[in-house]
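The values are calculated or read from the model by the stated rules, or taken from the named source; none is laboratory data. For clarity, every value in this text was computed on a predicted model and none was experimentally measured. With ideal geometry, Cβ positions are generated from the backbone for all residues, glycine too; neighbour counts draw on all protein chains shown. In case anyone asks, the SASA skips ligands and DNA or RNA and just uses the protein heavy atoms, side chains included. Shrake-Rupley method; radii C 1.70, N 1.55, O 1.52, S 1.80 Å.
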Amino acid sequence: MTDSPEQEYDPGDVAVIGMSLRAPGARTKEQFWDVLVHGRETVSFLAKEDIHVDETLIHNPSYVRACGVLDTYDRFDPSVFGISDRMAAAMTPENRLYLESAWESLEDGGYDPDRLTAEIGMYGANNPQTAALYSSPPDRASVGPEAIEASLAWSPDSMTSNALYYMGLTGEAVTVAAVCAGFHYAVHLACQSLLLGQSDMAIAGGAMVRLPHPRGHLWEENRILSKDGHCRPFDANGTGSALSSGVVTLLLKPLGRAVADRDHVYAVVRGSAVNNNGVSAMAYGLAQPERLSACIAAAMEVGGVSPDTVSMYEANGLGLPVTDELEVHAATMAFGKQTATASIGGVKGNVGHGGVVSGGFGTVKAALALYHRTLPATINLTEVNQDLDFPSTPFVPQIEGAAWEPEAGIRRAGITSLGGGGYNAHLVLEEPPAAAGRAPEEAGRPRLATLSAMDDDALARQRTRLREWLEARPELRLDDVCFTLNLGRKVMGRRWAAVVRSREELIAALSDDARGPATSTAAAPRTDPGSFSRTDDGIVPSGQDAPALTDLAAAWVTGLQVDFDALHRDGAGRRVPLPAYPFQPRRFWRTDW
């Protein structure tokens, strides 16, 4: 991290500098955004033969064979983290998913865990019931040390501490229990830690795997689960939502520090607030409008945000008329009377109700909407519930996708999450600050691009992913790409490097049939380690010309440690999102101890 002072940014602002998501129908945040902008529903409707549980219920006429299926729920790549197969099988699916997602968020932000000496706060929510449904461990006292070790992988409480440990980080570790508001609570606590100076960066998120998986649900009148499996937010014919699974994590850092450190910023957390209905609840588990309104207003107040500048409201949106009415009423009280209008939407129509991670789906939707300046449509909304009386509120249902052109001149979004038991939570996000002006990239200057992986197959897949990524994003600068690859990826045993002068040269070098300026671990020329100057962090090139960088590339791929910071002291490069590590997951499942 840089020592540059923070300037011109509110000290309470927190930047979202990395994101990872897996949701029904989307293995990445990019695929998730594609689902949203094209208005797709990814809840699956299962055939009876696909459901291997609920045998006593499946023929019940009220049984709904709908589920937001997470196709990687039982798969994991333990080798990247140095985890044995035995321990991988003992870990609950939520522990495994959260760990991989936290890794992806850190990479998306352009950070290598091995280079970090900062305090990293780890905050996450999961479903305590999953551990019992997966496979409860035997009594520790009677079985001994092996059960104790295994239970550290099994326990819901240790999800965040496991992530710190296996990623090689130090900092706070807090596993949150706030039912369906868990993701928002994790982000709220992470922001508090950052603003108090307890953490330098934080990873906050949630993981939810509904077990057995996949399965449907039993519909009951006026309950939150849908009669036909479709969620219809704000629709007169809504009957609730379908259950789904997923994982979302965010990488967070104080905004001023993020700008100084040349980080990529997706969005800014301007404010957050949480509270609980307690004894004031109308009915236990239902939203209490006055308490929810106070929570929404508090999040705006703490961020110094005027309600008429918030032009997107991502609702909890269960799609059940009674709960939608309570939420719209509460939000209207918080926003007050105003002439500006805010888009209102709900992501549960796309992906279902993800429990502790449902707020994460809404938050990533809002962050990407800010980043792309686009308001996705709320799907399954065909007959607006007139009892919501939208004309008398500040809100307009987002029935069709549209460019986001705010009346206030700045894009801001509010995201609400509610949990059974009276949990209320709200986040206020703002679009990223305009990037500072910078000089054009120095044309023709040689740059060193680097990749590494656990084995040659993963390395080949990394090359393919990066080539396709660059081909689809012509706006990316070569200096930014090389800066991120050199400093933002963990160095592994199998390596590849290329000295290139343009994006086109890098794309060509990444192709399968490349010949010329690329070198790999398997075919690298030998170099004399004594010919390089050294710092405490490794060898440094003799110059910045192509021959010097080619020698450095050959030395690096054969195992020498390189001081990449020395290679980027000109300060030209910035961190940019690039493809994450290509995990090679295998199935791990435990049925007994």
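Tabulated data
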quantity: Approximate shape of the chain as ellipsoid semi-axes (Cα gyration tensor, √5λ), whole Å, largest first; calculated: 41, 29, 22
quantity: Heavy atoms of Arg587 accessible to a 1.4 Å probe, total area in Å² rounded to 10; calculated: 140
quantity: Mean separation of Cα contacts under 8 Å, 6 or more apart, over the residue count of segment 328-440: relative contact order %; calculated: 30
quantity: Zone of Leu196's modelled label, taken as backbone nitrogen in segment 234-263 under 19 Å from a point 7 Å along Cα→Cβ; calculated: 252-255
quantity: Fully extended contour minus Cα-Cα distance, from Ala132 to Ala118, at 0.36 nm per residue; calculated: 1.5 nm
quantity: Normalised contact order of segment 214-295, rounded percent, pairs of Cα under 8 Å and 6 or more residues apart; calculated: 16
quantity: Interchain or long-range residues, amide H under 5 Å from Gly121's placed H; calculated: Glu172, Asp200, Met201, Ala202, Ile203
quantity: Dipole in debye (nearest 20) - segment 347-460, about Cα centre, beta carbon charges: Lys, Arg +1; Asp, Glu -1; calculated: 280
quantity: Farthest positive-ward along the chain dipole, Cα basis, beta-carbon charges - from Val37, Thr527, Leu560; calculated: Thr527
quantity: Convex hull of Cα atoms in segment 412-469, direction-averaged projection (nm²); calculated: 9.2
quantity: Accessible area (Å², per residue) of segment 7-106, counting only protein heavy atoms and a probe of 1.4 Å; calculated: 39
quantity: Val69 accessible area, 1.4 Å probe, all protein chains in place, Å² to nearest 10; calculated: 40
quantity: Val53, Val428, Val259, reordered so the largest accessible area comes first (probe 1.4 Å); calculated: Val259, Val53, Val428
quantity: Computed label-point distance, nm, for sites Glu405 and Ala546 using a 7 Å Cα→Cβ extension; calculated: 4.8
quantity: Between 0 and 90°, nearest 10: helix 478-487 axis offset from the chain longest Cα axis; calculated: 90
quantity: Net length gained if the chain between Glu442 and Asp34 were fully extended (0.36 nm per residue, minus Cα distance); calculated: 143.5 nm
quantity: Chain lengthening between Val279 and Ala566 when straightened (0.36 nm per residue, less Cα-Cα); calculated: 97.4 nm
quantity: Rg and Dmax of segment 290-361, Cα atoms only, in Å; calculated: 12.6, 34
quantity: Rounded to 10°, Cα long-axis angle of helix 321-335 versus longest principal axis of the chain; calculated: 70
quantity: Between segment 12-79 and segment 529-573, the alpha-carbon center distance in angstrom; calculated: 44
quantity: Dipole magnitude (debye, nearest 20) for the chain, charges at Cβ of Lys, Arg, Asp, Glu; calculated: 680
quantity: Derived scalar couplings ³J(HN,Hα) [segment 409-417; Karplus, 6.51 cos²θ - 1.76 cosθ + 1.60; whole Hz; x for Gly, Pro]; calculated: x, 9, 9, 9, 9, x, 10, 9, 9
quantity: Residues whose placed amide H lies under 5 Å from that of Asn385, excluding near-sequence neighbours; calculated: Asp235, Ala236
quantity: Protein accessible area in the chain, 1.4 Å probe - carbon and sulfur %; calculated: 50
quantity: Tilt relative to the chain, helix 456-472 - C-alpha long axis, 0 to 90 degrees, to 10; calculated: 70
quantity: D (Stokes-Einstein, µm²/s), Kirkwood Cα radius, segment 253-305, 0.692 mPa s at 37 °C; calculated: 247
quantity: Accessible heavy-atom area order of His372, His353, highest first, probe of 1.4 Å; calculated: His372, His353
quantity: Dipole of the chain, positive end: most advanced residue of Ala580, Thr339, Ser20 [Cβ charges, Cα centre]; calculated: Ala580
quantity: Ranked order, Thr374, Thr160 - accessible area, probe 1.4 Å, largest first; calculated: Thr374, Thr160
quantity: Ellipsoid equivalent to segment 186-253 - semi-axes via the Cα gyration tensor, in Å; calculated: 35, 15, 9
quantity: Segment 361-473, accessible area per residue, ligands and nucleic acids excluded (1.4 Å, Å²); calculated: 43
quantity: FRET efficiency, 1/(1 + (r/R0)^6) with R0 22 Å, evaluated for Leu57 and Arg223 via beta carbons; calculated: 0.90
quantity: Residue among Leu152, Trp219, Ile51 farthest towards the positive dipole end of the chain, charges placed on Cβ; calculated: Ile51
quantity: Sites Asn237 and Glu301, calculated FRET efficiency, Cβ-Cβ separation with R0 30 Å, nearest 0.05; calculated: 0.25
quantity: Mean separation of Cα contacts under 8 Å (6+ apart) over length of segment 192-331, as relative contact order %; calculated: 27
quantity: Inter-probe distance in nm under a simple model that places probes 7 Å from Cα toward Cβ, at Thr464 and Arg587; calculated: 2.2
quantity: Projected label distance in nm at Glu471 and Ser392, using a 7 Å step from Cα toward the beta-carbon; calculated: 5.7
